[in-house]
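Asker: Dumping the structure here so I can ask a few things about it.
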Amino acid sequence: RLNPEKVQTIITELTKFRDQKIDPGITKVTEANEDVGSPCDLGSFKLNAGSHSENLKNRIADLQTCLDAAKAANECGITTKNPDGTIAYVIADGHSETVENVKSDNHVDDWRTAKKDADDLQKMADDQNVDYEKYQALLQRIQKNQDNPYYAAPFIDSFSMDELLDLPLKMQEPYDALDPKDRVKFSTHPDVGSSLAVTFGHLLSSASNAWS
C-alpha cells in the first residue's frame, strides 16, 4: 500500500534532482571543457550521463503511474483507503505486475482525463470569461465520457457537493446580462448552465455504479 503524500514527495524530489543537478551538471562540465579548448573527449561521458538521466526520468514516470493507479482505484471504488491513509492499486487475475498492467487494470487514463477536465472546468468557471466555443469543446469532452464510471467517479470526486450545485450557475453568469433600457435580464447563450447541470446528472448516475 502507498502513502500518497510521501510517494508524491519522493517523485517531486527525484524530479528536482534530475532537473537541477544531472542535466545542468552535464551542461556545466561540457562548457568548462570547451572553455579550455576541449582537451577531454566527453562523448562517452555525455552519452552515459544522458542515458542515466533518461532512465531516471522513466523510473519517475513509472512511480507516478503507480501512484495515479492507486488514486484512481481508490476514487473509483475498486479499492478502499486504510485508516492510516494508505491506498493501493490492483492487478487483475492472470496479469503480471508491469507498469502497463497497473495502468490499464486501474483505469489510469480515464482518471487522468477526468481530473484534467474537472480542473479545466473549474478554471473556466473561476475566470468568468465569455468563450462559448471553448466551453462547448470542454462540455463535449465531458459528455463523451459521462457514461464511463471510471471517468465519472474521479470527475465528481474533484468537487464538493456545494461546488457541483454552484458550478452550472457560475458557468452561466458570464453569459447573462441586463438590458439597460428595459431592465430585463437576457442571455446570449441560455443553455450553458442547464446543459452542464444535465451532464452532471449523467456523471453522478455513472459514478454511483463505480461506488456501489
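Asker: Within the set Lys81/Lys144; Lys21/Lys103; Lys134/Lys170; Lys6/Lys116; Lys21/Lys46, which residue pairs have Cα atoms separated by over 26 Å?
Answerer: Working: Lys81/Lys144 29 Å; Lys21/Lys103 30 Å; Lys134/Lys170 16 Å; Lys6/Lys116 23 Å; Lys21/Lys46 14 Å.
Distance filter (> 26 Å) returns Lys81/Lys144; Lys21/Lys103.
Asker: Along each of its three principal axes, how wide is the spread of alpha-carbon positions in the range 56-212, in whole angstrom units, largest first?
Answerer: 69, 36, 29
Asker: Here is a further query. Less than 14 Å from a label point 7 Å out along the Cα-to-Cβ axis of Leu164: which backbone N atoms in the range 192-212 qualify, by residue?
Answerer: 197-212
Asker: Counting pairs of alpha carbon atoms under 8 Å apart in space and at least six apart in sequence, what relative contact order in percent does the chain give?
Answerer: Numbers: 231 pairs, mean separation 39.7, N = 212.
Computed value for the chain: 19 percent relative contact order.
Asker: Over the chain, average the accessible area per residue using a 1.4 Å probe and give it in Å², no decimals.
Answerer: 59
Asker: Additional query: Which residue, chosen from Val29, Ile11, Ser44, occupies the Cα position most advanced towards the positive end of the dipole of the range 1-97, where the dipole is computed from +1 (Lys, Arg) and -1 (Asp, Glu) charges on Cβ about the Cα centre?
Answerer: Ile11
Asker: Can I ask one more? Kyte-Doolittle mean at least 1.6 and Cα extent at least 24 Å along the axis: which DSSP H helices of the chain qualify?
Answerer: Details: long enough: 43-75 (48 Å, -0.58); 108-127 (28 Å, -1.53); 191-211 (30 Å, 0.54).
What comes out of the filter, once short or polar helices are dropped, is none.
Asker: Next question. Treating the beta-carbon of each Lys and Arg as +1 and of each Asp and Glu as -1, no other charges, what is the dipole magnitude of the chain about its Cα centre, to the nearest 20 debye?
Answerer: On the way: 23 positive and 36 negative charges, 46 e Å.
Dipole of the chain, to the nearest 20 debye: 220 debye.
The values are calculated or read from the model by the stated rules, or taken from the named source; none is laboratory data. As the structure is a computational prediction, the values presented were derived from the model and not from experiment. Every residue, glycine as well, gets a Cβ built from its backbone with ideal geometry; the counts of neighbours run over all protein chains shown. Ligands, DNA and RNA are stripped out before the accessible areas are found, and what is left, the full protein with its side chains, is counted by its heavy atoms. Shrake-Rupley method; radii C 1.70, N 1.55, O 1.52, S 1.80 Å.
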